[in-house]
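Following: one structure in structure tokens, then a few remarks.
The values are calculated or read from the model by the stated rules, or taken from the named source; none is laboratory data. In this text the structure is predicted, and so the values were computed from the model without any measurement. All Cβ positions, even for glycine, are placed from backbone atoms using ideal geometry, and neighbour counts span all protein chains on display.
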Amino acid sequence: MAIILCLETATTNCSVGLAKDGKIISLKEDNSKGYSHAEKLHVFIEEVLKEAGLTTGDLHAIAVSKGPGSYTGLRIGVSAAKGLCFSLEIPLISVPTLDLLAGKLKGEDGVLISMLDARRMEVYSAVYDSQLNQIRDTKAQILDENSFEEYLKDSKVHFIGNGVAKFREIISSENAVFHEQVFPSAVEMAEIAELKHKKSDTEDVAYFEPYYLKDFIAG
């Protein structure tokens, strides 16, 4: 039995979940227009533990969204996660942010494309099949009317995330299904974190850094 604290701060959604055996047992979220992470994250951590009748000493691991996403949001989430792991001497588990978005549509017929806004006409995106197997690597890409045509010509394609709205304006395809203003959450992190914990698929707490993607490409 694993009790894992799940932190998602890669977008405006400040999401904290407490998971037991891969299922969320307590959840606190705030998706206000501005970033509330600095004010809300530690408060939410205390609240989910209190709601479940647990303490930090009961935790077996901390899971955190690794990115891509907001630079500031990721820094806050990862810093909190690392601090807890150091102080409690428990493992750190990282989960790709775009995997969490795709997880909201698991089982849907067709291709799933997670898409986070990266300003102007650029997005962070990744492509999955209906069972969440990643079939195209994560990329920072500039959208145009030909983006994702190799998937749209053959099957239904579900686009999900806060980067969807601007793509919807420039393409016309009967195969495109849009799920706008959907944000990654700690809810979808629970099952993934549990599987990683069972396999001891963890990070080096001292050296782990968020996956910013654009900074990596620019460098």
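See the values below:
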quantity	calculated
Single residue of region 106-138 satisfying the filter (assigned to a loop (DSSP other than H, G, I, E, B) and touching a His at 6+ places or on another chain (Cβ under 7 Å)) that is nearest to Ala63 (Cα to Cα)	Glu108
Qualifying positions in region 139-172 - of a type outside the set (A, V, I, L, M), part of a strand (DSSP E or B) and buried (at least 20 other Cβ atoms within 10 Å of the Cβ)	His158, Phe159, Gly161
Selection count where residues are surrounded by 19 or more Cβ atoms within 10 Å (Cβ to Cβ) and either in a loop (DSSP other than H, G, I, E, B) or touching a strand residue (DSSP E or B) at 6+ places or on another chain (Cβ under 7 Å) (or both), scope region 183-212	16
In region 2-43, residue surrounded by the fewest Cβ atoms within 10 Å (Cβ to Cβ) [restricted to those that are within 26 Å of Asp201 (Cα to Cα) and touching a Lys or Arg at 6+ places or on another chain (Cβ under 7 Å)]	Ile3
Residue list for region 88-108, filter: acidic (Asp, Glu) and at pLDDT below 95	Glu108
Members of region 30-55 that are in contact with a helix residue (DSSP H, G or I) (Cβ under 7 Å, 6 or more places away or on another chain) and either outside the structural domain of Ala81 (by TED's automatic domain parsing) or over 12 Å from Val16 (Cβ atoms) (or both)	Tyr35, Ala38, Thr55
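Conditions tested, residue by residue: (1) within 30 Å of Glu150 (Cα to Cα); (2) in the same structural domain as Ile160 (by TED's automatic domain parsing); (3) buried (at least 22 other Cβ atoms within 10 Å of the Cβ); (4) in contact with a Pro (Cβ under 7 Å, 6 or more places away or on another chain).
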| site | (1), (2), (3), (4) |
| --- | --- |
| Ala80 | no, no, no, no |
| Asp109 | yes, yes, no, no |
| Leu112 | yes, yes, yes, no |
| Met115 | yes, yes, yes, no |
| Ala118 | yes, yes, no, no |
| Met121 | yes, yes, no, no |
| Ser125 | yes, yes, yes, no |
| Gln134 | yes, yes, no, no |
